[in-house]
Amino acid sequence: MAISETISGIGAPNKSGRDVFFALGIVVILAVLFLPIPAFLIDVGLAFSIAISVLILMVALWIQRPLDFSSFPTILLIATMLRLSLNIATTRMILSHGNEGTHAAGYVISGFSNLVMSGDFVIGLIVFLILIVVNFIVITKGATRIAEVGARFTLDAIPGKQMSIDADLAAGMIDDKTAQLRRRELEEESSFFGSMDGASKFVRGDAIAGLMITAINIVGGIAIGYFRHDMGMGEAADVFIKLSVGDGLVTQIPALIVSLAAGLLVSKGGTRGSADQAVFGQLGAYPRALYVAAGLLLLLALMPGLPMFPFVTLAAGMAALGYIIPMRHNRRIAEADAEKKQAEVDKVEEEKNSVKASLATAEIELLIGKQLSTRLLATHQELAFRMSKMRKKFATQYGFVVPEVRMTDDYSIPPKSYQIKIHGTVVAEYQMRVGEIMVLLGSRELPDIPGEEVREPAFGMRAFSVLDSFAEDLKREQFTFADNMSVLLTHLSEVIRNNLPQLLSYKDMKALLDRQDPEYRKLADEICTSHITYPGLQAVLKLLLAERVSIRNLHLIIEAIAEISPHVRRTEQIVEHVRIRMAQQICGDLGESGVLKVLRLGNRWDLAFHQSLKRDAKGEVREFDIDPRQLEEFGQDASKAIRTHLETGERFVLVTAPDARPYVRMIIERLFPTLPVLSHVEIAKGVELRVLGTIS
């Protein structure tokens, strides 16, 4: 399509008429080569040549990259032809009317000859030769070499860059449109540096032509003046050398400017930004270099025989730059950081006020009533700090980082209440007694202090609420008590602990796997591609957390799943195998000082649960069928035995047969959600058991 557009565009008229004027300009340049023109038009042409060369130099200074001035070779050719045509026109004018004086070829040449030569053609001749040397030997030769090397390396790098574009396109890192743009840029780059390699020869040839034309003008002018116009040799030499050297200066100064522009363009290389940014940005990026240079200049100023003023002035200037540049740099960095932070704040605020934000729900949210919020207002920072410590404790204890708790003041709930939400659903709430402390009673009698008996919200324990002014009296009587913040945080901690499975997201599970060693990541990938899925692995972890089993040793869990997953598919069976493999950790977390206190099922209930398990032909349990009256009776017996030991504050576990353990746990968690239920095979070796009793 691009080719067809190009073909159809050929011959299409330019509405602005620039193509016609451009063609006429080229024709005029060619006409000057053959047709004689008056002196005032030569002045206009020479002034235009100087203006064009200055414009080219300014554009070369301010472009961001060389390809932004890709038309430079064409412009260079046109500017060179313009100077050569004007050179021929001035040569014709000098040789034809040189006998009339130094104004014969126009006032521009005359003015330059008087300005540079100061009336002495020898000075002008020396200055002209120096300009030729500078242009031809220094600038043009260096620019030509840079252009040659740049063209060669650019052309050599094209296949590799093309392959890189194709690889990025195949990998999906860029789209077709971006690939086309990069290919077009690559083509333009190769064409540009190839053209610059040839265009640099224009500059070199222009310098040689200028030298030869000046020499011809001098020799021919003296001969014509002496033989045709009967001028003396000295007079002819004076007039024609001034005119020829003035003409050479007028043409060599634009040539020197254009050569400098070409050198700046090809030496820019891969540097982005205008020339002043590249030069001053890199020279001024090292203040210590400026200080060292200032010190050296100061040392030269103190040397005998050298003028002090220029060296001291330059030393002071460089030292000032070395001091000012870092300050400006740091100020720009601070402004950029401030703008970035403000942009982030604006973005957060915009997202907060957007419709999507209203649909998003926090994973854990704490809503605080008006009066309770006012009470805790002075300690909000402490509350946030203690919540952060609580999250770190959960991460250490259970092996994954629970989400941040969003605190919100909600005036729609009772003023002294708070609510705890998990995924937007209220799972717990409590009405706090603001300004009072909660005495934890357990089995103790009520203290002899005015107050009211209440229930502690986290565990439902007996408690007594009194004014905080009685704290010292309670300490003397060795009562345990908690302030409003401690009660709230304990309740929040227990709610989070009870909802750990809901808080372990798929993203969290993937992050945990990514933090494992490469061998275990590979093992997890093999398991999840051959036997179970990643959501299946997440389900295993959730079932472990549901019974408050830590997943901090994830590599052991992965190994255990790898052992059993080829043989079973049910998640519950996989979890039971994992628990057996993690017996040492489970018993260590539940025991105290290496001692595990256990409460056993009696023989009667062991037999009842065993008979309630219905198995298939392979011997696997397929359903649990127990008489509802037996179930009710078991609940009564279990509650009586368990509550007796709970009231003493002992930490213990319930032990049952391996095949019945999931079902016993299913019943017990409705009565005592925090009581662990273990099977006999989950008791690790070396663990000392202390039997507290049996349920019978």
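The values are calculated or read from the model by the stated rules, or taken from the named source; none is laboratory data. Remember, predicted model here, so these are calculated numbers, not experimental data. FYI the Cβ positions are ideal-geometry reconstructions off the backbone, even for glycines, and counts take in every protein chain you see.
Of all residues in segment 611-630, those that are under 21 Å from residue 675 (Cβ atoms) and modelled with pLDDT of 85 or more total 2. Only one of the numbered conditions (1) surrounded by 17 or more Cβ atoms within 10 Å (Cβ to Cβ); (2) over 36 Å from the mean Cα position of the chain (by Cα); (3) farther than 17 Å from residue 456 by Cβ is not met by residue 472, and that is (1).
Residues in segment 160-213 that are buried (at least 16 other Cβ atoms within 10 Å of the Cβ), closer than 27 Å to residue 125 by Cβ and modelled with pLDDT of 75 or more: 209, 213. Screening residue 496 on (1) within 17 Å of residue 400 (Cα to Cα); (2) modelled with pLDDT under 90 shows it passes everything except condition (2).
None of 48, 40 is more than 17 Å from residue 263 (Cβ to Cβ), part of a helix (DSSP H, G or I) and at pLDDT below 80 except 40. For segment 25-36, the count of residues that are in the same structural domain as residue 261 (by TED's automatic domain parsing), within 45 Å of the chain's Cα centre (by Cα), closer than 30 Å to residue 187 by Cβ and not polar (S, T, N, Q) is zero. Within segment 345-369, the set of residues being modelled with pLDDT of 85 or more and not hydrophobic (A, V, I, L, M, F, W, C) comprises 363, 365, 369.
Can you pull out the residues in segment 650-696 that are of a type in the set (A, V, I, L, M), assigned to a helix (DSSP H, G or I) and out of contact with any helix residue (DSSP H, G or I) (no Cβ under 8 Å at 6 or more places or on another chain)? Across segment 650-696, the qualifying residue is only 666. Restricting segment 514-529 to residues that are surrounded by fewer than 17 Cβ atoms within 10 Å (Cβ to Cβ) and either touching a residue at least 24 places away in the same chain (Cβ under 8 Å) or in the same structural domain as residue 672 (by TED's automatic domain parsing) (or both), the residue that is nearest to residue 502 (Cα to Cα) is 516. Restricting to segment 406-441, and then to whatever is of a type in the set (Gly, Ala, Ser) and within 30 Å of residue 469 (Cβ to Cβ), can you tell me which residue is nearest to the chain's Cα centre (by Cα)? The extreme case among them is 428. Close contacts from segment 542-553, counting a first residue that is within 13 Å of residue 669 (Cα to Cα) and a second that is at pLDDT below 90 and outside any helix (DSSP H, G or I), with Cβ to Cβ under 9 Å and a gap of 6+ residues or different chains, come to 548/674. Please verify whether segment 514-524 includes one or more residues that are in a helix (DSSP H, G or I), touching a helix residue (DSSP H, G or I) at 6+ places or on another chain (Cβ under 6 Å) and of a type in the set (Ser, Thr, Tyr). Looking through segment 514-524, at least one residue is in a helix (DSSP H, G or I), touching a helix residue (DSSP H, G or I) at 6+ places or on another chain (Cβ under 6 Å) and of a type in the set (Ser, Thr, Tyr). Pairing residues of segment 622-644 that are in contact (Cβ under 8 Å) with a residue 24 or more places away in the chain with residues that are among the aliphatic types (A, V, I, L, M) and exposed (fewer than 15 other Cβ atoms within 10 Å of the Cβ), at Cβ distances under 6 Å and at least 6 apart in sequence or on separate chains, gives 639/671.
Only strands (runs of 3 or more DSSP E) whose full extent lies in segment 409-510 are considered here, and the ones with at least 1 residues that are touching a residue at least 40 places away in the same chain (Cβ under 8 Å) are 417-422, 425-431, 436-440, 480-482. Just one of the listed residues (411, 430, 418) is at pLDDT below 85 and among the hydroxyl-bearing types (Ser, Thr, Tyr), and it is 411.
This table checks each residue for (1) at pLDDT 75 or above; (2) part of a helix (DSSP H, G or I); (3) hydrophobic (A, V, I, L, M, F, W, C); (4) more than 30 Å from residue 69 (Cα to Cα).
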residue: 266; (1), (2), (3), (4): no, yes, yes, no
residue: 277; (1), (2), (3), (4): no, yes, no, no
residue: 330; (1), (2), (3), (4): yes, yes, no, yes
residue: 336; (1), (2), (3), (4): yes, yes, yes, yes
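For residue 81, the requirement of being closer than 17 Å to residue 214 by Cα, part of a helix (DSSP H, G or I), assigned by TED's automatic domain parsing to the domain that holds residue 245 and modelled with pLDDT of 80 or more is met. Candidates are the residues of segment 675-696 that are among the polar types (S, T, N, Q) and surrounded by 13 or more Cβ atoms within 10 Å (Cβ to Cβ); the one that is nearest to residue 631 (Cα to Cα) is 694.
Please verify whether residue 403 is part of a loop (DSSP other than H, G, I, E, B), modelled with pLDDT under 85 and buried (at least 16 other Cβ atoms within 10 Å of the Cβ), treating the condition exactly as stated. No; evaluated as a whole, the condition is false for this residue.
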